[in-house]
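Colleague: Dropping a structure here in structure tokens format, bear with me for questions.
The values are calculated or read from the model by the stated rules, or taken from the named source; none is laboratory data. The structure presented is a predicted model; accordingly, all values stated were derived computationally and were not measured. A quick note on method: Cβ atoms are made from the backbone with ideal geometry, for glycine too, and the neighbour counts reach across all protein chains shown. With ligands, DNA and RNA removed, areas are computed over all heavy atoms of the protein, side chains included. Shrake-Rupley method; radii C 1.70, N 1.55, O 1.52, S 1.80 Å.
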Amino acid sequence: MKEKGEMKKVKKVKDKVNDGQDDDPWWWLIQEGIRPSFLCISLFALLVRVAVGLHPYSGAGTPPKFGDYEAQRHWMEITLNLPPKDWYRNSSVNDLSYWGLDYPPLTAYQSYVHGVFLTTFDPDSVALFTSRGYESYLGKLLMRWTVLSSDVLIFFPAVLYFVLVYRSMRFGMGQNSDVAWHIAMILLNPCLILIDHGHFQYNCISLGLTIAAIAAALSQKDLVASMLYCLALNHKQMSAYFAPAFFGYLLGKCLRKKNPLLEVTKLVLMVMGTFAIVWWPYLQSKDAALAVLSRLAPFERGIYEDYVANFWCTSSVLVKWKKLYSTQSLRIFSLAATLITCLPSMVQQILAPSSKGFLYALLNSSFSFYLFSFQVHEKSILLPLLPLTLLALEESRSILWLTHFAMFSMFPLLHRDKLVLAYMALYALFILMYFAPCGPGGRCHGTKTLDNTQKTKRSVDFITSITFHPLVMGFLGLCSLILHVIYLTMHPPNKYPFLFEAVIMLICFSQFVLFTFYFNSKQWVLSKHLTSKDKQKKLI
């Protein structure tokens, strides 16, 4: 009788599991584990990238300087035909006024490698001088392939590494469909795809290195994390948006170990060693190093360009910063504002480092830089979006709303690049993926992440009620739709030629500020509810 009773219990459990699988339409995708599901989603994400690459790019057919596509091609031309010591120096063979190299050395090395690839199949595309404005079909195809290969070799493996680490820490992944949905949210981020494979850049490299560094830090490989983050920083200086979070989290962990001074020394040596290797060609003389540094901080361009949805550009409607203050004063203002706004998040991680708190700190520090630092571009919104996609399961509503406004803030830029069709297609794909049945964004688990944060609800309730109130969301969503239509069908008044861009900027800025308050509050409240695992962990 006992055996029959036990058999019935086992059968009930199996039936329950099978019912759960039947209710989960993505079960077939993840039944074999994370890696097969990652492979399937990666192949689809790759096809989406190829499709976007069929559209125009920044500066297509618009001489004399063209756009970002020509900048990247020109850097391949320069690095391939000149010695490293001349890459950052103005000369008769390297006119820095024509898309001079203004990213750190790792970008230069990447340009050299891609230049070797291009010259193998189409030497004319990277020939010194004569290749300026080169736009042959083969040249475009090869350039697109360099971005795709960078994605496949760096960004995709980094995402897999992070998902495996995140899954092992059980931050909130319940059903198997949650894993697939999380992978899709990261790999099919519409903003990153539009900028890298439409507009044309290589953010996938620096962001991929950053994701790998985050995964390494979460898995207690602090030295590896330091090295990978330094590589990201040496590929694009905008990776400094994450510096306060990395500094606070790693320092906080070191202070909790038995020999803090030794641990800090090891991190410092790793950072110095990585920088020394990357910068070695420019450490031979002071002038060479200063030549590179001067290119990385183009203060002469002013505190902002175009209509980016940050504090300086938005407030310039009322305060004419460029006319009232010198560049030196604005540098000090922006530095002070950035440090003040990112300091609380960094201090919290120094005092109470935690894995989840670290992810929120990355989000908060990057938003501080986006809103207040000097010379921010529309494309810089990719940096706050990165940690948000990593927190997609925790912040399912936030990723929907913030991705919407991130795309909206870049709409004028993408419109100039003739990427409206790709913009609409990727936005529609993102919405379909977000509301996939039984994913955290869908109906079956739509309230899951809210339940996980009930303990913190009281402290952030006011900001949440404003940010996610149905009426507010409905009104802003309607305004966004109307502005899209107006921007595409109407011309602004002659007296205010950038009126539409200014309105888009104001709406997006207001949302970014609300999210900044929300995420900072969330990080501090979460510090009071650290898991017992984080509290009791003994670091050696």
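Colleague: So which residues in the range 487-526 are out of contact with any Pro (no Cβ under 9 Å at 6 or more places or on another chain), open to solvent by 30 Å² or more (accessible area, probe 1.4 Å), farther than 20 Å from GLU378 by Cα and part of a helix (DSSP H, G or I), if there are any at all?
Modeller: If the condition is that a residue be out of contact with any Pro (no Cβ under 9 Å at 6 or more places or on another chain), open to solvent by 30 Å² or more (accessible area, probe 1.4 Å), farther than 20 Å from GLU378 by Cα and part of a helix (DSSP H, G or I), then THR489, PHE517, SER521, LEU526 are the ones that fit.
Colleague: Does any residue of the range 176-184 turn out to be open to solvent by less than 10 Å² (accessible area, probe 1.4 Å) and at positive phi?
Modeller: Of the residues in the range 176-184, the ones open to solvent by less than 10 Å² (accessible area, probe 1.4 Å) are 177-184.
Checking which are at positive phi leaves us with none.
No, the range 176-184 contains no residue that is open to solvent by less than 10 Å² (accessible area, probe 1.4 Å) and at positive phi.
Colleague: Here is a follow-up. Does ALA158 qualify as being open to solvent by less than 50 Å² (accessible area, probe 1.4 Å), in contact (Cβ under 8 Å) with a residue 40 or more places away in the chain and among the small types (Gly, Ala, Ser)? It would help to see each step written out before you state the result.
Modeller: On the way: open to solvent by less than 50 Å² (accessible area, probe 1.4 Å): yes; in contact (Cβ under 8 Å) with a residue 40 or more places away in the chain: yes; among the small types (Gly, Ala, Ser): yes.
Taking the combined requirement at face value, the residue satisfies it.
Colleague: Another question, if that's okay. Name the residues in the range 59-84 that are touching a helix residue (DSSP H, G or I) at 6+ places or on another chain (Cβ under 6 Å) and either basic (Lys, Arg) or open to solvent by 10 Å² or more (accessible area, probe 1.4 Å) (or both), would you? Please lay out each step first, then the result.
Modeller: To start, the set of residues in the range 59-84 that are touching a helix residue (DSSP H, G or I) at 6+ places or on another chain (Cβ under 6 Å) comprises 59, 68-69, 75-77, 79-80, 84.
Hits for the range 59-84 are GLY59, ASP68, TRP75, LEU80, PRO84.
Colleague: What are the pairs with Cβ atoms under 9 angstrom where one residue, in the range 257-270, is touching a residue at least 60 places away in the same chain (Cβ under 8 Å) and the other, located anywhere, is outside any helix (DSSP H, G or I)? Sequence gap at least six, or different chains.
Modeller: LYS257/LEU539; LYS257/ILE540; LYS258/LEU539; LYS258/ILE540
Colleague: If you don't mind, there's one more thing I want to ask. Collect the residues in the range 243-270 that are open to solvent by 40 Å² or more (accessible area, probe 1.4 Å) and charged (D, E, K, R), keeping them in residue-number order.
Modeller: ARG256, LYS258, LYS266, listed by residue number.
Colleague: Give just the number: which of (1) open to solvent by 10 Å² or more (accessible area, probe 1.4 Å); (2) in contact with a Pro (Cβ under 6 Å, 6 or more places away or on another chain) does GLN284 not satisfy?
Modeller: (2)
Colleague: Now for a different question. Regarding the range 357-374, can at least one residue be identified that is assigned to a loop (DSSP other than H, G, I, E, B), among the hydrophobic types (A, V, I, L, M, F, W, C), buried (at least 24 other Cβ atoms within 10 Å of the Cβ) and in contact (Cβ under 8 Å) with a residue 24 or more places away in the chain? Quick ask: steps written out before the conclusion?
Modeller: In the first step, residues of the range 357-374 are kept if they are assigned to a loop (DSSP other than H, G, I, E, B); the result is 373-374.
So of that shortlist, the ones also among the hydrophobic types (A, V, I, L, M, F, W, C) come out as 374.
Restricting the remaining residues to those that are buried (at least 24 other Cβ atoms within 10 Å of the Cβ) gives none.
No, the conditions are met nowhere in the range 357-374.
Colleague: Oh, and also: Report, ordered by the first and then the second residue, all pairs with beta carbons closer than 7 Å, sequence separation of six or more or different chains, a first member in the range 297-322 that is within 18 Å of THR338 (Cβ to Cβ) and modelled with pLDDT of 90 or more, and a second member that is acidic (Asp, Glu) and surrounded by 22 or more Cβ atoms within 10 Å (Cβ to Cβ).
Modeller: Matching pairs, first to second residue: VAL308/GLU378.
Colleague: From LEU330, LEU335, which residue is in a helix (DSSP H, G or I), free of Cβ contacts under 8 Å to residues at least 40 places away in the same chain, out of contact with any Ser or Thr (no Cβ under 7 Å at 6 or more places or on another chain) and surrounded by fewer than 23 Cβ atoms within 10 Å (Cβ to Cβ)?
Modeller: Values: LEU330 fails: free of Cβ contacts under 8 Å to residues at least 40 places away in the same chain.
On inspection, the qualifying residue turns out to be LEU335.
Colleague: Additional query: Might you check whether a residue that is at positive phi and of a type outside the set (A, V, I, L, M, F, W, C) occurs anywhere in the range 111-133?
Modeller: Yes; the residues of the range 111-133 include at least one that is at positive phi and of a type outside the set (A, V, I, L, M, F, W, C).
Colleague: For the range 26-46, indicate whether the set of residues that are open to solvent by 60 Å² or more (accessible area, probe 1.4 Å), part of a loop (DSSP other than H, G, I, E, B) and modelled with pLDDT under 95 is non-empty.
Modeller: yes
Colleague: If you don't mind, another one. Taking THR210 as meeting all but one of (1) in a helix (DSSP H, G or I); (2) open to solvent by 10 Å² or more (accessible area, probe 1.4 Å); (3) out of contact with any Gly (no Cβ under 7 Å at 6 or more places or on another chain), write down the number of the exception.
Modeller: Of everything listed in (1) in a helix (DSSP H, G or I); (2) open to solvent by 10 Å² or more (accessible area, probe 1.4 Å); (3) out of contact with any Gly (no Cβ under 7 Å at 6 or more places or on another chain), THR210 misses just condition (2).
Colleague: Ok, one more. Taking the range 45-100 only, how many residues are under 30 Å from ILE183 (Cβ atoms) and among the basic types (Lys, Arg)? Let's see the steps before the verdict.
Modeller: Initially, the range 45-100 is screened for residues under 30 Å from ILE183 (Cβ atoms), giving 45-58, 68-69, 72.
Keeping just the survivors that are among the basic types (Lys, Arg) gives 49.
Number satisfying all stated conditions: 1.
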